[in-house]
Amino acid sequence: MPAVRKQHRRGTGQDGPSMASSGRPRPPVFLRLSLSGALHAGNSRRGSKSGLPFTGAVRRMVRQELQAMLRFDPNLRWLFTELPMLDRYQAAAEAGFQGVEVAFPYEYPAREVAARLEANGLQLVQILSPFDWDGGERGMAALPGREEAFKDSIRTAVDYAVQVGKPMIHVMPGNMRPGLDRVECMQRFMENIAWAADHAGPAGLTLILEPCCRARFPDFLYHRLDEGVKVLETIRRENVKLCFDTFHIQMEEGAITDRLRAAWPHIGHIQIGNVPGRHEPGTGEIHFPFLFAQIESLGWDRWVGCEYTPSGPTLDTLGWGAPYGIRDPRKGASRTSKRAAC
């Protein structure tokens, strides 16, 4: 097999996520909470005598402060599943989210998805390259004999992504069937990812790789964060990053704050899910207020994906997000007036 072509790192990617563009310190949680509640109240009562007298300048200032907060986006394959897929975009926006992830959007034309995003003021953050998930596949990037199918899937994902706002593309390696040599498959994986990065790069697209825990993906090619780091350090492509999924990291390795800091220069996306059960913050052993504070202290200015199974109806399980402008729209702006215990 041909050797993987190496490229030297350049720019700021070598240092991981950049600091917030404003350079200003982030306001404390209680102040952000007050700003968030005030903004929602001001927006919901605009034009009313009882509304807050927000001028356009004040409203812009408040929004700038809120932009310094962590930004969360729900994976619509996991959240708002009470609704048909195309209705989930509006539901996410009404709950205060400004971005979404959609694992496999390909069943709908790109123009339809783009229209839903625009109508609801949403950014599409991440998609997966297509493969037969329902048929048991978990990607194909490492599988011998699937090279052309893999390249076709990347071409499809890139073509779709450029029409819907250029989300990151998550690429999965596939399951190691009995008889496959793991070392050979890892080499094939790195070669295929390098090719995919070179194909996606001219379009301004980033690829995401994610280690998945043995408990959920026993036959996956790689399970640990350091294995993902090794892939990135070997192929040396600026537009390939790791996803730090709190559920998978906690299940497989533990000590998630240490893991986060160790892999920080290579992380391009963060996803949250609690342990056990992979439910929302506040339902398990991970202390998310501490973890969120650590992420903020490192200067994270990208998205944090919500990839978990809600423990109840989605809107009933969003209390953890109140400090970040996430709310149950059925309860109005009062949702943001008190921090939920996580």
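Each row is one residue, and each column tells you yes or no for (1) β-branched (Val, Ile, Thr); (2) free of Cβ contacts under 8 Å to residues at least 12 places away in the same chain.
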residue: Pro109; (1), (2): no, yes
residue: Leu117; (1), (2): no, no
residue: Gly121; (1), (2): no, no
residue: Val125; (1), (2): yes, no
residue: Ser129; (1), (2): no, no
residue: Trp133; (1), (2): no, no
residue: Ala141; (1), (2): no, no
residue: Glu147; (1), (2): no, no
residue: Asp152; (1), (2): no, yes
Next item on the list: Examine the range 121-139 for a residue that is surrounded by 17 or more Cβ atoms within 10 Å (Cβ to Cβ), of a type in the set (A, V, I, L, M, F, W, C), touching a Lys or Arg at 6+ places or on another chain (Cβ under 6 Å) and more than 18 Å from Lys166 (Cα to Cα), and state whether such a residue exists.
Entry: no
Item checked: Residues being within 19 Å of the chain's Cα centre (by Cα) and on the phi < 0 side of the Ramachandran plot - total across the range 274-286 -> 6
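Results for (1) charged (D, E, K, R); (2) farther than 30 Å from Gly284 by Cβ; (3) outside the structural domain of Leu291 (by TED's automatic domain parsing), shown as yes or no for each residue.
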{"position": "His199", "(1), (2), (3)": "no, yes, no"}
{"position": "Leu209", "(1), (2), (3)": "no, no, no"}
{"position": "Asp226", "(1), (2), (3)": "yes, no, no"}
{"position": "Lys241", "(1), (2), (3)": "yes, no, no"}
{"position": "Thr246", "(1), (2), (3)": "no, no, no"}
{"position": "Ile256", "(1), (2), (3)": "no, no, no"}
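Which helices (runs of 4 or more DSSP H) does the range 166-281 wholly contain that include 1 or more residues that are at pLDDT 95 or above and among the basic types (Lys, Arg)? Step through it out loud before you land on a result.
Working: elements: 182-200, 225-235, 246-252, 256-263.
Hits in the range 166-281: 182-200, 225-235, 256-263.
Yes or no, residue by residue, for (1) crowded, with 22+ Cβ neighbours inside 10 Å; (2) of a type in the set (D, E, K, R):
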position	(1), (2)
Ala157	yes, no
Gly165	no, no
Ile169	yes, no
Pro173	yes, no
Arg177	no, yes
Cys185	no, no
Pro202	no, no
Leu205	no, no
Leu221	yes, no
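Which of the residues that make up the range 214-259 are of a type outside the set (D, E, K, R) and closer than 13 Å to Val275 by Cα? Working first, answer last.
Initial filter on the range 214-259 (of a type outside the set (D, E, K, R)): 215, 217-218, 220-223, 225, 228-229, 231-232, 234-235, 239-240, 242-244, 246-251, 254-257.
Answer for the range 214-259, where residues must be of a type outside the set (D, E, K, R) and closer than 13 Å to Val275 by Cα: Ala215, Thr246, Phe247, His248, Ile249, Gln250, Met251, Gly254, Ala255, Ile256.
From the list Asp301, Asp245, Asp316, pick out the single residue that is charged (D, E, K, R), crowded, with 21+ Cβ neighbours inside 10 Å and either within 24 Å of Ala92 (Cα to Cα) or in contact with an Asp or Glu (Cβ under 6 Å, 6 or more places away or on another chain) (or both).
Values: Asp301 fails: crowded, with 21+ Cβ neighbours inside 10 Å; Asp316 fails: crowded, with 21+ Cβ neighbours inside 10 Å.
After ruling out the rest, the residue left standing is Asp245.
Can you go through Arg182, Arg214 and tell me which one is charged (D, E, K, R), touching an Asp or Glu at 6+ places or on another chain (Cβ under 7 Å) and on the phi < 0 side of the Ramachandran plot?
Numbers: Arg182 fails: touching an Asp or Glu at 6+ places or on another chain (Cβ under 7 Å).
Of Arg182, Arg214, the one residue that is charged (D, E, K, R), touching an Asp or Glu at 6+ places or on another chain (Cβ under 7 Å) and on the phi < 0 side of the Ramachandran plot is Arg214.
Yes/no per residue for (1) of a type in the set (Phe, Trp, Tyr); (2) out of contact with any helix residue (DSSP H, G or I) (no Cβ under 8 Å at 6 or more places or on another chain):
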residue: Tyr106; (1), (2): yes, no
residue: Glu112; (1), (2): no, no
residue: Leu117; (1), (2): no, no
residue: Gln126; (1), (2): no, yes
residue: Phe131; (1), (2): yes, no
residue: Glu137; (1), (2): no, yes
residue: Ala149; (1), (2): no, yes
Note to self: Quick test of your reading of the structure: Phe189 fulfils all but one of (1) surrounded by fewer than 22 Cβ atoms within 10 Å (Cβ to Cβ); (2) touching a strand residue (DSSP E or B) at 6+ places or on another chain (Cβ under 8 Å); (3) farther than 23 Å from Asp73 by Cα. Name the failing condition by number.
What the structure shows: (1)
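Conditions (1) over 19 Å from His170 (Cα atoms); (2) in contact with a strand residue (DSSP E or B) (Cβ under 6 Å, 6 or more places away or on another chain); (3) surrounded by fewer than 17 Cβ atoms within 10 Å (Cβ to Cβ), marked per residue:
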| residue | (1), (2), (3) |
| --- | --- |
| Phe80 | yes, no, no |
| Met85 | yes, no, no |
| Glu94 | yes, no, yes |
| Gly99 | no, yes, no |
| Glu107 | no, no, yes |
| Ala115 | yes, no, yes |
Item checked: So Pro323, is it part of a helix (DSSP H, G or I) and in the same structural domain as Leu124 (by TED's automatic domain parsing) -> yes
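The values are calculated or read from the model by the stated rules, or taken from the named source; none is laboratory data. None of these values were measured; they are calculated from a predicted model. Every residue, glycine as well, gets a Cβ built from its backbone with ideal geometry; the counts of neighbours run over all protein chains shown.
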